[in-house]
Each structure stands twice: as C-alpha cells, then as structure tokens.
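Single-structure report; data block below.
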Amino acid sequence: MAEWKAAKPENKALGWVEERLPILSLVNNVVGPDTPTPRNLNYWWNFGSLAGLMLVIQIISGVVLAMHYAAHTGIAFDSVERIMRDVNYGWLIRYMHANGASFFFIAVYIHIFRGLYFGSYKAPREVLWMLGVVIFLLMMATAFMGYVLPWGQMSFWGATVITGLFSAVPVVGESIVQLLWGGFSVDNPTLNRFFSLHYLLPFVIAGVVILHLWAKKISDSGNPLGIDVKSSADQIPFHPFYTVKDAFGAGVFFFVFAMFIFYMPNALGHPDNYIPADPLVTPASIVPEWYFLPFYAILRSIDFPLGIPGVFELIDAKLLGVLAMFASILVWLVLPWLDTSKVRSGNFRPMFKWFFAFLVIDMFILTWLGAQKPEGNIPLYGKFATLYYFAYFLVILPVLSRKETPLPLPESISNPVLKPAE
Amino acid sequence: MKFVKNIAIALTLGAAAFSGTNAADAGKHPMQVDWSFNGPLGKFDMASAQRGWQVYKQVCSSCHGLKYFRFRNLTDIGYDEAMIKAFAAEYEVEGDVDDYGDPTTRKAEPKDAFPSPFPNDNAARAANAGALPPDLSLMVKARHDGPNYVFSLLVGYEDAPADFNLGAGMNYNPYFKGSQIAMAEPLFDEAVEYEDGTPATKEQMAKDLVQFLTYVAEPSLQKRHQMGIKVLIFLGLLTILLYLSMKIIWKPVKEGKNFYED
C-alpha cells in the first residue's frame, strides 16, 4: 500500500505553509516525485489526466461564457449569438466549450474502457472505480443541462424528451417532472434551474475527482500486466516520468481537439440547434448528443413490458426502458463483484479478450443505432445490442470468472518473464 | 409478443439490409460546390460576398430578415465606413421616444441590425399566404451541409412530376424537405444588375448569396481558419518537443534503472 511522504521544501515561505497545511505533500504524493508508480503504464493510462485537463478547460471557458450568457428564454439564444459575434474571441471560447464537452467524454470513455479491459475495478480499487462511475453520472447530468442553455430547437426538445422520462416513475413521476420543469412544461424556470445546476455540478465533479485521486493514492495505480508491485524496482516516480508522458499525450489530444475547434466546430453538434427553440414546432428527429447515444439506444430498445403485455404488466414498457437506461450505467457500480476472476489484465484472459472486443463493437453499434430513426429493423438491432450489453456484465463476466483458464502471469513488472506453465 | 414476432421476421429475412432512409421526405442530397471558404485555408470571396449582399438587399430582403446582422459588419466584406453609412441610411428604424413621449423613427446607423421586413411573425404570415419566411442570419448553419443546401434550393426549382400532389400555392423543389416549398422561385437570370458587371445568371447569384449568407452566419470563419493554422503549428512543435523530452527523460527507465535503491 501507498506510503505517505512529507514534503520538505527548501523555500522558507513554502516550508511555512507546508507545516500548517501540507498541500505540497498532497501533490507530491498523488502526482509528484514522491508518487511511486508502476513503470510499465502504456498510453491507455494517459486518458485520466487528459480528462482532468478537460474538466479544467470546461470550467474556465464555462465561467467566461457565463459572464456573457443570459438565462432567459426570451434572450438566451440571442445572447449566445452575441457571444459568437460581438464578444472578443467569444466564438473561440464557445467553440472550445461546446467541443470540449465532446472531448471530455472521449477522454472519459477511453479511460472507462481502459479500466474495463485491464480490470481496474478489481480489488483493491473498487472504491476508486465506483467514484469514477459517480463522476461519469455527474458529467452526463452536467452535459445534458449545458446543451439546453443555448435554447435552440434541440435544446428545447431534448430537454422535453429527457425530463419526460421521469414521468415513467410510478406514483411520484409527475411530481418529479414538475419539479425539474419548475412548472407544467419546459419553460423559463427550467432554463434558470438548469443554468444554476450546470454551473454548480462541475465543482461537485471537481470534488469527487479529488476523492478519486485520493483513492488512487491509497490503492496505487494499476498497470497493464494487472499484477501487484513486488518491489521498488517495479516502480518509478510519477514526476518527471509520467508528467512528461502525460504532457506529450495532451499535445496529441489537443492537436485533434484544435482541429475540431478551428476547422469543424459544428461537426459534433446538430444544425437544428441554430434554430431558436419553438414549442410549437417539433424537429423531424430529436437526437441527443453523440455521447448519450448508446444509452439512448438502450432506452428505445425496451419497448416491451416486464410481464405479459396488456394482461399483467409488472413494469410497463416506458418504465422498463428508463430502468434499463439507468441500469446500463449503474451496473458498473457492482462490476467488481460480477467479475470475480483474480486475473486483472485482459492480456492474460484469452476468452475475456474476445467478449470485451465485442462489447466495444457493441458500444459503437449502440451509438450508431441511437442516431437512427426507430424504423424498420433498427429497434430489433437495438434489442440484440442491448441484450449483449447486459449479458456481458450480468452473465458473461460472472461465468467467465469461473470457467476461464487464464494464461500464466509474469513474475514481476520489472522482470516480465512469463512463468513456465506447470 | 412484438419481440418474438420481430425475431421471427429477422430470422426470415436473415441479414436484412438496413431499412432505407426516407429520402423523399428529407429532401434530395444537395449539389456539391467547391466553395472558397472550404478547407483549412478557406476564405470568403469578397467580391462574391459583396454581390451576394446586393442580391440579398434587392431580392431576399423583401421577405427575409437578417436579425443578427448589423450594418457595421459589412466592413468585414470590404466596404468602407462611408459606404456602410450610406447603406444604413436607406432604412428607417425605431428611434427613442421624443420629449412628449411619442415614438419616433430615425435613419438606420452602422450599429443597427438589419431591419426586419415585417413588424412581427403574424404580419409576415399574413403577407405570405400563411407561410413564415425564416430569418436568414443563421440559415447556412441551421441546415445539414448548409452552403450546398442553400445553393441547391435556390437553383433547384423544377416543374412538379405529373404524379406529384402539389399543394395549392406551393412550388416543387426536390431539395426541400417534402419537396414542396411555399417560397416561389426567387432568382431568375438578370434579376439584379451587378455593380461590378458580372453577368447575373441564376447560378452566379445563388453562389454569391451563399458567400454572403455564410459570412453572415459565421462572421469569424476567416479569422478562425487563420488562427487555427497558427495554433496547430504551435501544438505540433510543442508535441514534438514534448516527445523528444520524454525520450530523453525516459532513457534511464528504458535501461532498467531502479530509482529507489541507494
């Protein structure tokens, strides 16, 4: 387990502060020179710090946007156009923020799937993983409310569809929806509370990120081999080695990010959101942002009730869909107890590898399905893709943990010679 | 059960092809034009944008507003201050209330937005047989493949096929959603007389208009493209330096050095 090292700064002023509030030690011990880290982390490990950087970019650009934005249905759309036209570099800040949300999600999705493949959710990192799931849920709420703020057609109709989902909850559903709306339809009170919460939640995320890093310190980083650190020879200091590697990764990531900001700033958005919200005109198709599509596809795939349709419906189709959508993320919380294989890394699990690869493909298929109109065979494909998604977590992993024979594990990180199979 | 029935259908059809999108409903795929503002080095064609402004003023502005466009923005497409003042002065806008509390009007100034042709949506509908001519400020960004779509729509009017059920007062245009549009064909050859002598064909006017409307929808486009090059060059060099730094710093790690033994 991680040990804590007190920082001893040479600078007297810093030393004075450190004695009273050991904040330097904190940095030192989490991402600093006194953070022993496995020496074999590959580039998939870059995306945690990238997600952290994106959070910082989103908060800074968002705070500036909030200085110019007006959260009122009458002028919200106009104020965004004013930002684009009359505020100095307003177009740059807004495009950074809008595309930043997408790139934040790209970093986080890769980070999550890295964890899924390399078994980052397994002991002793269960709490670290669960805090990550909480961050992801908070991100989804924040991104959804942020998309409502420009008050375009997709903002309005997306808000109407998504808040409407809560009406499926038995007994209190209608009350929840009215609470979210602040009235009887998506209107000015809705916009106001979404703006307030959109400003609040990122700081909640930042708080949970600190817990996430704390848990990382306690349980140490995992590594691609998935074996425990055996000796100090397995480790290197986080700084300068992983700081420079993360910085290089950030350079590549921001290069792609900048290509979107400057050359295709609207590619990830929907053109309908440049039409002011109109409660009387429903868009031809209401499509969520791409990062919600897999879960939206799961929601739409469940169009049948639990029980016998029309005769005995334990849970009606609408509620079942909503439950499935939330369950598709909440299932990650119990993942450490579903996959009981002692081997963490997918590299040493010959069958797991294939099922994992299919899960990744399944996610892409769900994303694609979420963007299609639910016509023809689309709902059917959605059912199969949803089925595989849940089967992976609820059936395949538990069974695989018992049935699969893992490959022999290496002796140690510093000496990755495979143990001869006996 | 619907689910079981669906599986049965799927088994019957095997790997059925994905259902065709309802192409007729969504409108025909727009014609592709090679615009000057496309690509990382793309710029506005100033002369074309100026001609587009003339077309907008003389043709479109009788029905379509441009509420986010201010006269002063015309500096970006190459007009000088005196000309912009003259353009603005052609229009009347609402002024302050006078000393007696009565509303006044005044000549528009460069700071003003382009005045809407109708006082409100109802007046616009009343004057257009129930159809509302949309504001064009963001039109190019508010449609898929915007510049090509607007161009195709403007030049794409045709006679309706014999079997097409065209509504009263509607016009056939395959590029429009549902193929019928309330707007009558707006552009004809020589509909305007260009100040710079360019022959005003229908295609030419449509192209010029798209240049102008793209500028109106995204005034920062050119600045954005230019800044992007600098940012990408900077990030590229920075990334290379970071890569080389990483290689140097990581050398002892690659050589297997143990950093924790004394």
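Rule-based calculations on the coordinates, nothing more; no lab input. Since we're looking at a predicted model, the values are computed, not measured. Neighbour counts run over all protein chains shown; Cβ positions are idealised from the backbone, glycine included.
Taken one residue at a time, the phi angles of the stretch A:252-262 give Karplus couplings (6.51, -1.76, 1.60, θ = phi - 60°) of 5, 4, 5, 4, 5, 4, 5, 4, 5, 4, 8 Hz. Gly and Pro are set to x.
Above 15 Å, the calculated P(r) of the stretch A:377-418 contains 63 percent of its Cα-Cα pairs.
Per-residue Karplus couplings for the stretch A:92-102, computed as 6.51 cos²θ - 1.76 cosθ + 1.60 with θ equal to phi - 60°, are listed in order as 5, 5, 5, 5, 4, 5, 5, 6, x, 4, 4 Hz, Gly and Pro entered as x. Hey, which of these cross-link pairs are over 29 Å Cα-Cα: A:K383/A:K403; A:K318/B:K28; B:K230/B:K257; A:K318/A:K342; B:K141/B:K223? Listed pairs above 29 Å: A:K318/B:K28; B:K230/B:K257; A:K318/A:K342. Among A:V17, A:V322, A:V244, the largest mean-square fluctuation in a Gaussian network model of chain A, built with springs joining Cα atoms closer than 10 Å, belongs to A:V17. Annotation note: chymotrypsin sites (Phe, Trp or Tyr not before Pro) in the stretch A:1-98 located in DSSP loop regions with a Cβ neighbour count of at most 16 within 10 Å are A:W4, A:Y89.
Largest mean-square fluctuation among B:Q204, B:Q226, B:Q50, in a Gaussian network model of chain B whose springs join Cα atoms under 10 Å apart, belongs to B:Q226. Scaled against 2.2 N^0.38 Å for its residue count N, the alpha carbon radius of gyration of the stretch A:203-282 is 1.82.
Loop-resident trypsin sites (Lys or Arg not before Pro) (DSSP state other than H, G, I, E or B) in the stretch A:183-284 with no more than 13 further Cβ atoms inside 10 Å of their Cβ: A:K230. Its residues counted as N, the stretch A:296-422 yields a C-alpha radius of gyration over 2.2 N^0.38 Å of 1.34.
Percentage of Cα-Cα pair distances in chain B greater than 23 Å, rounded to whole percent? Kindly include the intermediate steps, with their values, before the conclusion.
Working: 22765 of 34191 pairs.
Above the 23 Å cut-off, chain B has 67 percent of its Cα pairs.
Taking amide H positions as modeled 1.01 Å from N, with prolines and chain starts lacking one, the residues under 5 Å from A:G307 and 5 or more places away or on another chain are A:L314.
In terms of surrounding Cβ atoms within a 10 Å radius of their Cβ, A:L41, A:L211 rank from fewest to most as A:L211, A:L41.
Please report Rg over Rh for chain A, where both radii come from the alpha carbon positions and Rh follows the Kirkwood definition. Result: Rg/Rh = 0.99. Seen from a random direction on average, the alpha-carbon convex hull of the stretch B:44-169 projects onto 10.5 square nanometres.
For the stretch A:34-47, 3J(HN,Hα) computed residue by residue from phi via the Karplus equation (6.51, -1.76, 1.60; θ = phi - 60°) reads 9, 10, x, 10, x, 7, 10, 4, 9, 5, 4, 7, 6, 7 Hz, glycine and proline entered as x. Among the residues of B:137-148, the average count of other protein chain beta-carbon atoms within 10 Å of the residue beta-carbon is 4.
From the helices alone, meaning DSSP H stretches of at least four residues, give me the mean residue ellipticity at 222 nm for chain A, per-run term -39500 (n - 2.57), in deg cm²/dmol to the nearest 500.
Values: 16 runs with 251 residues, N = 422.
Mean residue ellipticity, 222 nm, calculated: -19500 deg cm²/dmol.
Of all the options A:L397, A:L306, A:L333, the one that moves most in a Gaussian network model of chain A with Cα springs shorter than 10 angstrom is A:L306. A cut-off of 5 Å between modelled amide H atoms, ignoring neighbours fewer than 5 places along the same chain, links A:A7 with A:S25. Backbone amide hydrogens, once placed in the peptide plane, bring B:Q180 within less than 5 Å of B:N173, excluding anything fewer than 5 places away on its chain. The mean number of Cβ atoms from other chains found within 10 Å of a Cβ in peptide B:241-248 is 5, as a whole number. Across the stretch B:182-262, the volume of the C-alpha convex hull divided among the residues equals 210 Å³ per residue.
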